[in-house]
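Here the structure comes first, spelled out in structure tokens, and everything after it is commentary.
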Amino acid sequence: MWKPTEKIRYQPRPGKWPNKIEAEGSTWFTPIKIGQVQLKARTWVPAMVPWRSTEEGIVTDQVLAWYERFAKGQPGCIVIEATGIQEVPSGPLLRIGHDRFIPGLKELSDTVHLASGGQTKLFIQLIDFLSIRRRPEPEKYFQRFLNITDAHRAVIGAEGWTEQEIRDHLNTLDSNELGNFLTQRELDDLRMGARERVTDVQFDHIKQLPNVLPELFSDAAERAQKAGIDGIELHYAHAYTMASFLSRKNNREDGYGGSLDNRARLPLEVFAAVRKRVGDEYPVGCRFLSDECIPGGSDVDDAAYFGVELAKAGMDFLSLSRGGKFDDAKQPGVGEAAYPYTGQSGYECMPSYISDNFGPFGRNVEPTALIRKAIRDAGFDTPIVLAGGIHSFEKAEAILNSGEADIVASARQALADPDWFLKVKLGRGEEVRLCTYSNYCEGLDQKHKVVTCKLWDRIEMDEPDVQKSADGKRRLIAPNWTA
Ligand SMILES: Cc1cc2nc3c(=O)[nH]c(=O)nc-3n(C[C@H](O)[C@H](O)[C@H](O)COP(=O)(O)O)c2cc1C
Ligand code: SF4
């Protein structure tokens, strides 16, 4: 992962823990309405992919155990990991692109409601993503993937050469020389692996995205509703299709790119279709970026505009993340796929303990507060969810009481200690196992390996019925804690 040049090491800063009475009287543990649904607290576990479904995307016992473990800590809301709305192979990532996924998701919603004693609402993050190939061997790229054009012939001076001769020639060149003969896109495909963009309107399936996505998202949302899931989070963040429509880099010329209102058009159309399908009573919101954190990308002003438009359209909540783009991802090894959390924008999304002068905690607070203010100034009271390095009651409480956000989420801290919300609420903050922001979990995510936390995945391995990774070396859920 990318690291800031300063490389300052940070320890977690939990501050002072509240006693039981202080916690119970706090804002963080106060209910809040998301549309027609009430959360019992403003505590939230945002989406985290644990790579535990079947290869077809069906809920497994490991998926149930993962969410059950978070539910025991009784957060106000848990958002199920990014769940694919299309039937495309994507490894052990949950999917919801067909009715056959409903029974597994129903079991999941029942499990969470039961394990939390009815304290936790369960939302699901719905994702669409475009295809990405692994980085190819150069020889394979030149022999099989590169489309030889007249432009190549002209620039190489290869009039009269056979296509094979051109391929063989290109394969002998070093990367500097290739820069003279290949387009930037071809160089990117060779260097990083081919990746579709929403601007590839020369491909019919990309051109047609605005025609097909509203229905695909609505079908998925209806399935979630049937499965007893309490609400929808449309994934408009990070490196995926909907975020790419919002991006300042989207220059489509069909009314879905370029200006701010054109870039917001498809996200608003998807929301309108979903709303129509699931009705006004069912919570629907989205996660989007306070800043793409890439050169030429959308910034906080763009995000404030989108926030107001999404609130005006009637979204029930808005959750803010940042960064996490392919544009500045590190070059993957040959045979591996690029991962959108390896560059500077990835760092902004999941900052690690090795940081800059600002540090890894609360980097998303200021932009989120600006976006919330723009939404409030426009007359909307849509709840705003904030995440990023939060592991302290004091910090969460300060954010809420100063009006920087309405709900404070923590992903990695909840993974490090799924009981931490409950411990804090019970006045037992001293027992919280603090996340060190090592990003060991994120490294597992990158390799599409079952995600665990390094603070607990090798302890108490002889507990009865403990689920283990395929190699038997890691336990898959945190040890039990009894209040
Ligand atoms: C293992 C892992 C998987 C993640 N998967 C998702 C995801 O599916 N969707 C999403 O929006 N964010 C995902 N995130 C980002 C988190 O939701 C969160 O925004 C980020 O980790 C910063 O919050 P934190 O500092 O509290 O961890 C993931 C993070 C981790 C560590
Ligand atoms: S592995 Fe555990 S301690 Fe390290 S960042 Fe992830 S949750 Fe935190």
*Could you tell me whether any residue of the range 394-405 is within 15 Å of ligand 2 (Cβ to nearest atom) and either over 20 Å from residue 32 (Cβ atoms) or in contact with a Ser or Thr (Cβ under 8 Å, 6 or more places away or on another chain) (or both)?*
no
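Okay, residues lined up against (1) modelled with pLDDT under 95; (2) more than 20 Å from residue 14 (Cα to Cα); (3) away from ligand 1 (no atom under 13 Å from the Cβ):
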residue: 362; (1), (2), (3): no, no, no
residue: 366; (1), (2), (3): no, no, yes
residue: 380; (1), (2), (3): no, yes, yes
residue: 384; (1), (2), (3): no, yes, yes
residue: 391; (1), (2), (3): no, no, no
residue: 398; (1), (2), (3): no, no, yes
residue: 404; (1), (2), (3): no, no, yes
residue: 419; (1), (2), (3): no, no, yes
*Out of 433, 458, report the one residue that is of a type in the set (Lys, Arg), within 16 Å of ligand 2 (Cβ to nearest atom) and touching a Phe, Trp or Tyr at 6+ places or on another chain (Cβ under 8 Å).*
433
*Inspect all residues belonging to the range 199-211 and state whether any of them is of a type outside the set (A, V, I, L, M, F, W, C), within 22 Å of the chain's Cα centre (by Cα) and crowded, with 19+ Cβ neighbours inside 10 Å.*
no
*May I ask you to list pairs of residues, at least six apart or on different chains, whose Cβ atoms are under 6 Å apart, with the first in the range 262-287 being assigned to a helix (DSSP H, G or I) and the second being charged (D, E, K, R)?*
264/309; 277/222
*Mind listing just one residue for me: the one in the range 436-455 that is closer than 19 Å to residue 66 by Cβ and of a type in the set (Val, Ile, Thr) and, of those, farthest from ligand 2 (Cβ to nearest atom)?*
450
*asked:* I need a count of the residues in the range 343-360 that are surrounded by fewer than 20 Cβ atoms within 10 Å (Cβ to Cβ) and within 16 Å of ligand 1 (Cβ to nearest atom).
replied: 6
*Look through 436, 382, 452 and report the one residue that is in contact (Cβ under 8 Å) with a residue 24 or more places away in the chain and closer than 20 Å to residue 322 by Cβ.*
382
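Residues are listed down the side, and each one gets a yes or a no for (1) assigned to a strand (DSSP E or B); (2) surrounded by 21 or more Cβ atoms within 10 Å (Cβ to Cβ); (3) hydroxyl-bearing (Ser, Thr, Tyr):
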position: 41; (1), (2), (3): no, yes, no
position: 50; (1), (2), (3): no, yes, no
position: 53; (1), (2), (3): no, yes, yes
position: 59; (1), (2), (3): no, yes, no
position: 63; (1), (2), (3): no, yes, no
position: 68; (1), (2), (3): no, no, no
position: 78; (1), (2), (3): yes, yes, no
position: 82; (1), (2), (3): yes, yes, no
*Starting from residues that are within 13 Å of ligand 2 (Cβ to nearest atom) and in a loop (DSSP other than H, G, I, E, B), keep the ones in the range 331-365 and report whichever is nearest to residue 320 (Cα to Cα).*
350
*Is there any pair with a first residue in the range 72-95 that is modelled with pLDDT under 95 and a second that is among the acidic types (Asp, Glu) and not in a strand (DSSP E or B) whose Cβ atoms are under 8 Å apart and which are 6 or more apart or on different chains, and what are they?*
89/55; 91/55; 92/55
*Criterion violated by residue 370 - all others in (1) away from ligand 1 (no atom under 14 Å from the Cβ); (2) in contact with a Leu (Cβ under 8 Å, 6 or more places away or on another chain); (3) under 19 Å from residue 299 (Cα atoms) satisfied*: (2)
*Name the residues in the range 132-162 that are assigned to a loop (DSSP other than H, G, I, E, B), touching an Asp or Glu at 6+ places or on another chain (Cβ under 9 Å), modelled with pLDDT of 90 or more and not polar (S, T, N, Q), would you?*
133, 134, 135, 136, 146, 148
_Checking the structure you have, find out if any residue of the range 471-480 is more than 30 Å from residue 305 (Cβ to Cβ), buried (at least 23 other Cβ atoms within 10 Å of the Cβ) and away from ligand 1 (no atom under 13 Å from the Cβ)._
yes
*In the range 97-112, is there at least one residue being touching a strand residue (DSSP E or B) at 6+ places or on another chain (Cβ under 8 Å), touching a residue at least 40 places away in the same chain (Cβ under 8 Å), β-branched (Val, Ile, Thr) and assigned to a helix (DSSP H, G or I)?*
yes
*Scanning the range 163-198 for residues that are over 21 Å from residue 333 (Cα atoms) and surrounded by fewer than 11 Cβ atoms within 10 Å (Cβ to Cβ), which turns out modelled with the highest pLDDT?*
164
*What pairs can you find where one residue is in the range 159-184 and free of Cβ contacts under 8 Å to residues at least 24 places away in the same chain, the other is among the aromatic types (Phe, Trp, Tyr) and in a loop (DSSP other than H, G, I, E, B), and their Cβ atoms are less than 8 Å apart, with a gap of 6+ or different chains?*
169/161
*Answer yes or no as to whether residue 415 is closer than 19 Å to residue 476 by Cβ, surrounded by 22 or more Cβ atoms within 10 Å (Cβ to Cβ) and within 16 Å of ligand 2 (Cβ to nearest atom).*
yes
*Which residues, taken from the range 93-108, are in contact with a helix residue (DSSP H, G or I) (Cβ under 9 Å, 6 or more places away or on another chain) and not aliphatic (A, V, I, L, M)?*
95, 97, 98, 99, 101, 104, 106, 107
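The values are calculated or read from the model by the stated rules, or taken from the named source; none is laboratory data. Bear in mind that the values here come from a model prediction, so they are computed numbers and not experimental data. Don't worry about glycine lacking a Cβ; one is built from the backbone with ideal geometry, like all the others, and counts go over all protein chains shown.
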